[in-house]
Every structure is written in C-alpha cells, then in structure tokens.
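Just below is one structure, and these are the notes that go with it.
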Amino acid sequence: MSLATTQVATRGAVAVRSVDKSYGNQQVLHEVDLDVAEGEVLVIIGPSGSGKSTLLRTINHLDKVDRGTISLDGELIGYKVRNGKLHERRESEILAQRTEVGMVFQNFNLFGHLTALQNIIEAPIYARKIPKAKALARAKELLARVGLADKAGAYPRQLSGGQQQRVAIARALALDPKVVLFDEPTSALDPELVTEVLEVIKDLAKSGTTLIIVTHEIGFARDVADRIIFMDSGRVVEQGTPNELLTNPQHERTKSFLSKVIEPAFNI
Amino acid sequence: MPPATNITTPRAVQEPATELLKEHIAAERGHDAAPNYADYAVVAARHPWRWVGTAIVAALAAAVLYSLLTNPRWEWGVVAQWFTAESILRGLGQTLKLTLISGSLGFVLGFILALMRLSSSPLFSSVSWTFSWIFRSTPLLVQLLLWYNLGYLYESIRLGVPFTSITFAEFQTTSLISQFAAAVLGLTLNQAAYSAEIIRGGILSVDQGQIEAATALGIPRWRRSTKIVLPQAMRAILPTAFNEIIGLVKGTSIVYVLAYSELFYTVQVIYNRTQQVLPMLLVATIWYIVITSVLSVAQYYIERHYSRGALRTLPPTPLQQLSAFFSTHATTKINSSKGQP
C-alpha cells in the first residue's frame, strides 16, 4: 500500500477569504480566513456544529458561500472575475472544478447499486470523459493501493465499513484531484476498523496531495497533520503545528475542548 | 502474572492452578454441568388451528371451483369457442398496444414531471404540480371524451408563429385526433400524472448522500438523475408502478366509450349480437388474468434485477429453487444408494 511513489507534483493551494455562510438565520461560518499550501496536510478539529463540515462543503461548492471567496490554485471556486464583477459560473464549469477536489464522506456514500469498481470509474468516464479501458485500469490500480484488489466486483453492502471507506477514498482519488477533503472519515466506523482507513490516509499524506481532514481522532491528527486548526462557533479560534496546538494550546476554548477529547486512555 | 489455564475457570480459583487443583475443578464442573441433549430427537411444535384454517379454506375453494365447473350457465363451451376467435385476438392486440404505448409514454413523461417537480426552479415545479393536479382531479372518462371531441372546440390545428398569420401547416382536428389518438392521449396524460408522483416518491426515498457524492464527483445532472438516483429509486417505484400498469391494462377497457375496438369493446359487440353476456365477459376476464399473470412474473424478475446491491445476496428465483430441490433430492438418492451397496 504505497501511495508515495506515484504522485510527486505538488499542487492544490486553497485560499479561503472572509467566508460567511448561514443556514436560514443561523450563521455557521463567520469571516473564515484560511490558507492551505500545496501538499499541506491540514486537520480541522472542533466541537460538533462548529462549522468544520460546512467549511469543507464550501470548498467544493456543495454549499454556496454567502460572502467571501474560495480559490484553488488561484482560480475562484464557483465564480469568474470579469470587468470587476464576480460572475457565477455555469453548471458545467462548476462540475469541472469539482473534479479537481475529491471528497470523502462520513457515511461513505458509495453508490449502492454499483460494484466497487463501477463506483470508481463512474466519475472518470462521465465527468472527465476518460476512455473506459483507461479508467478501468486506473481503478484497479487504485483498489490495489487501498488493499482491496480482490473486492472489485463486490457491492458496497457486501463490504465492511472500513472497506467501504477505502473504496470511497479510491473513488475520490480516481479523478487525480488537487485537493482531497475528508469529512470525519472514521466517525461511522467500528473502533477496530478505524485503523485500516487511517493507514490509507496516512499513506496518501506522504504523496504530496493537499489534504484537508475534519476528524475527532486526535492521535491521528498528531501523526499526520502539518498543521491543525481549531474551530468553534463558525470561527477559526487557533492554529498551529500539532505539537503547539495539542500540547500547548493558547486559547481557553481550545484548552477545554482538548481536555475533553484527549482522555488519558487514548493518549497514545 | 499467573500461568494461563487452558480451561475457563471461575475467577476466584484461577490463581494457584496446580495440576491437582485443575483436576479438582474439572471434577466440580463435570458434576454440575448442564446435561447433554445432543442425542435427543427434536419434535416440531404442533399448530392445530392452522390445520382447521387450511381445511376451511380448502372447502371454500372446492365449493367455488365446483360451482364454476358445474353451473351450466357459465357456458364454458361458448367461452372455449370465442377464447381464441380472431376478433377477440385482434381486440386483445389493441389492448396490449394501448397499454404498451400509454404505459411507456406515461412513465417517461411521469419521470420528467417528477424531475421538474423536484427541481429548484419554481416555474418547473409549479407547472408539474398543476399538471398532476388537473389530470388527477378530472375523471379519465371525461378526459377521453374531451380529447375525442377536440374538433368541436378547435376546428383546425395550425403550426405557425403565434399571434401572426404565418402558418407552416394546418390540420383538421377531426382528422388528427382519431379514436386511437384520443385513447393514447387520454391514457398517457392520465398515467403520467399518477406515475410522476410514484417516481417522485421513489426519488425522495434515495439517500441524499448519494446525490451529494455524485455532485461532489462532478457527474453531470442528467446522468446523476438517470444512472445514480433512478436505479436506486426503482426499488421503491416498482411495486407501485406495476400496480399502475396492471390497473392500466384493465383501465384501457374504458376507451370503449370511444367505440375503439380493444378487448372489452369487442366482447361487448359480440354479446350484444349473440346475447351470451356472461361467457363473453368471462372470455375478457380470462385474458385480463393472463396478461396480469405475465406482468406479475415480469415484476418479480425486474424487482430482483433492481435489488442488486441492495441485498447482500439475491434470493434464488423460483426456477433456481426448483432445480435446487430436484438436485438435492437427486443427491440424497445417490447418497442413499451408495449407503446400501
């Protein structure tokens, strides 16, 4: 399961500029500013409802921002600048932009009526127009990389949660995205299945793809992150290297959150 | 740490596990262990009331069958004589044609209406809602008569630029709307209104995460709807959809009001002439039962097809069950013959 060999080029710098987002009259993101460098592994932690998932969803335009901008390698997501105005992009352009950003969901969201292999080739063929033979070869390679070469013909319900999430990761990688977003990828898994998924992500982190990971696995965050940010009530409260943020948090809110999350038993 | 014992022992005595103690423990456990029932035969529970129920149902079924076969007024001879008569078969063909055309057009239109209703455009969704509202609120009979008499309302139908005198083509409405066209129009539009709601229900039953994942992967909207959502919605759609299609098979009989010679109208024409009302109705009924039976078998296999991935393993088909039954019985025969050389 070595991912490090294939991808060397670093790309996928994300810039979030004063983003506001509300659902109804509840504001979930307040003036969020964030820069993610090419190839950086950023972990977002914070209590439920702090806006972590929403921030991820705005990065691939699943949710539209109310104010502010998000750009990927300098290109605005969802908008085009012309004559000093932001023009909303057409749907086909937005779809093309989304193929640059892979997303892995908490509940896997594999297509239940398609086999593992069919799940992986769907987007390359129909979103990227890659020839089927090429997409198939690449999909098999990806399945092997996540350790599931023998499960190509299995339907999602025939796989364990951990296997499903690994297929979902392979599906996200099939588009060769510049950035991969992970929305609590292990929260729906039995504790003993968490490791196999985290191993795949760790391997991916070495490959030079930009990763943005929302997680509650603090030990994993410490291992894998270049930088951790702590969010609360729709704001970025504090950020730093794993060592700075986890062992020496400055902010009171961060301290109280970490004291609840890092129990001695889990502090490996 | 104490040495591990290979038999599970009560916690309290686990510490000094010498050989002697182990023996003692084993003896103790043997003494009050549960008795072994491995050699006992199992007797199935009795269900006496099931037998009573079976007897009552069997008696009722026998009575119905007896009266069907022995009452001379059913005139089975007449039924047999007309069952495959050419006029009846032609009528049957028309019934099947109407069902097939109105059914498929109705469901395709229904799918588009369902997508419109679920779209974020308020125009699309209200047009779709209004369509369903109108066609579900008016009797099918009235719709059919209205389409057939369209020529009374609009003498001719003109293709051209609206509000100008530019005309590309002009048709007499009466020549355009035949009985067949009126029947197809009426049945299709009515069917579309109902199937739109069935399909919408099916689409709503698919987990939102599926659409989100497809969107995040950049899969185009039409493919998302037809290849990701619809196949998964099918499981919820199919049972009700087959209800509708079976209803439509028999519902086509309503176009007799247009004097369109489908199965039911043909039968009516014949019994008006021969006065053999009941046997002729029986002929039509049996054909409707045959069509419905074929559809029910088709339903089973189509539902099975769409349950791929939804079930961990597909249940065997009746044919597979049958062949499994015979093969296991064949093998037991072989085994038993091997047992007695």
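Structure summary
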quantity	calculated
So A:Ala137, is it among the aliphatic types (A, V, I, L, M) and within 8 Å of chain B (Cβ to nearest Cβ)	no
Residue in region A:145-160 that is under 13 Å from the mean Cα position of the chain (by Cα) and of a type in the set (Val, Ile, Thr) present	no
Residues that are in contact with a Lys or Arg (Cβ under 6 Å, 6 or more places away or on another chain) and either in a helix (DSSP H, G or I) or surrounded by fewer than 18 Cβ atoms within 10 Å (Cβ to Cβ) (or both), drawn from region A:126-150	A:Tyr126
In region A:165-198, residue farthest from A:Gly147 (Cα to Cα) [restricted to those that are charged (D, E, K, R) and part of a helix (DSSP H, G or I)]	A:Glu192
Residue within region A:228-235 that is in contact (Cβ under 8 Å) with a residue 12 or more places away in the chain and under 15 Å from the mean Cα position of the chain (by Cα) present	yes
Region B:223-232: number of residues that are without any contact (Cβ under 8 Å) to a residue 60 or more places away in the chain and more than 10 Å from chain A (Cβ to nearest Cβ)	1
Answer from A:Ala154, A:Ala168, A:Ala144 - the residue that is in contact with a strand residue (DSSP E or B) (Cβ under 8 Å, 6 or more places away or on another chain) and closer than 25 Å to A:Leu193 by Cα	A:Ala168
Scan of region B:172-222 for residues that are within 23 Å of A:Val179 (Cβ to Cβ) and either away from chain A (no Cβ under 14 Å) or not in a helix (DSSP H, G or I) (or both), ordered by number	B:Leu217, B:Gly218, B:Ile219, B:Pro220
Filtered residues of region A:95-111 (kept if crowded, with 20+ Cβ neighbours inside 10 Å, at the interface with chain B (Cβ under 7 Å from one of its Cβ atoms) and part of a loop (DSSP other than H, G, I, E, B))	A:Thr99, A:Phe105, A:Asn109, A:Phe111
Which numbered condition B:Trp287 misses (of (1) in contact (Cβ under 8 Å) with a residue 24 or more places away in the chain; (2) within 14 Å of another protein chain (Cβ to nearest Cβ); (3) not aliphatic (A, V, I, L, M))	(2)
Region B:205-244: number of residues that are polar (S, T, N, Q) and either closer than 22 Å to A:Arg90 by Cα or touching a Pro at 6+ places or on another chain (Cβ under 6 Å) (or both)	3
Residue in region A:124-133 that is farther than 30 Å from A:Ala221 by Cβ, of a type in the set (Gly, Ala, Ser) and free of Cβ contacts under 8 Å to residues at least 12 places away in the same chain present	yes
Only one of B:Gly201, B:Gly247, B:Gly218, B:Gly209 that is more than 24 Å from B:Ala182 (Cβ to Cβ), free of Cβ contacts under 8 Å to residues at least 60 places away in the same chain and within 22 Å of the chain's Cα centre (by Cα)	B:Gly201
Unique match (being small (Gly, Ala, Ser), more than 10 Å from every other protein chain (Cβ to nearest Cβ) and touching a Ser or Thr at 6+ places or on another chain (Cβ under 9 Å)) among A:Gly74, A:Gly68	A:Gly68
Of the criteria (1) outside any strand (DSSP E or B); (2) under 15 Å from the mean Cα position of the chain (by Cα), which one A:Arg222 fails	(2)
Residue within region A:81-91 that is within 13 Å of chain B (Cβ to nearest Cβ), surrounded by fewer than 20 Cβ atoms within 10 Å (Cβ to Cβ) and outside any loop (DSSP other than H, G, I, E, B) present	yes
Flag if A:Arg157 is surrounded by fewer than 18 Cβ atoms within 10 Å (Cβ to Cβ) and within 11 Å of chain B (Cβ to nearest Cβ)	yes
Condition broken by B:Gln276, with the remaining ones in (1) more than 12 Å from chain A (Cβ to nearest Cβ); (2) within 25 Å of B:Leu100 (Cβ to Cβ); (3) touching a helix residue (DSSP H, G or I) at 6+ places or on another chain (Cβ under 9 Å) satisfied	(2)
Selected residue [touching a Leu at 6+ places or on another chain (Cβ under 8 Å), farther than 28 Å from A:Val200 by Cβ, not acidic (Asp, Glu) and not in a strand (DSSP E or B)] from A:Val19, A:Val65	A:Val65
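Conditions (1) farther than 30 Å from A:Lys260 by Cβ; (2) touching a residue at least 40 places away in the same chain (Cβ under 8 Å), marked per residue:
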| residue | (1), (2) |
| --- | --- |
| A:Lys52 | no, yes |
| A:Leu56 | no, yes |
| A:Asp63 | no, yes |
| A:Asp73 | yes, yes |
| A:Glu88 | yes, no |
| A:Arg98 | yes, no |
| A:Val101 | yes, yes |
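Quick grid of which residues meet (1) at pLDDT below 95; (2) surrounded by 10 or more Cβ atoms within 10 Å (Cβ to Cβ):
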{"position": "B:Leu21", "(1), (2)": "yes, yes"}
{"position": "B:Ala38", "(1), (2)": "yes, no"}
{"position": "B:Ala41", "(1), (2)": "yes, no"}
{"position": "B:Arg46", "(1), (2)": "yes, no"}
{"position": "B:Thr70", "(1), (2)": "yes, no"}
{"position": "B:Leu105", "(1), (2)": "no, yes"}
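The values are calculated or read from the model by the stated rules, or taken from the named source; none is laboratory data. Given the structure is predicted, the values throughout are model-derived calculations rather than measurements. Cβ atoms come from the backbone with ideal geometry, glycine included; neighbour counts cover every protein chain shown.
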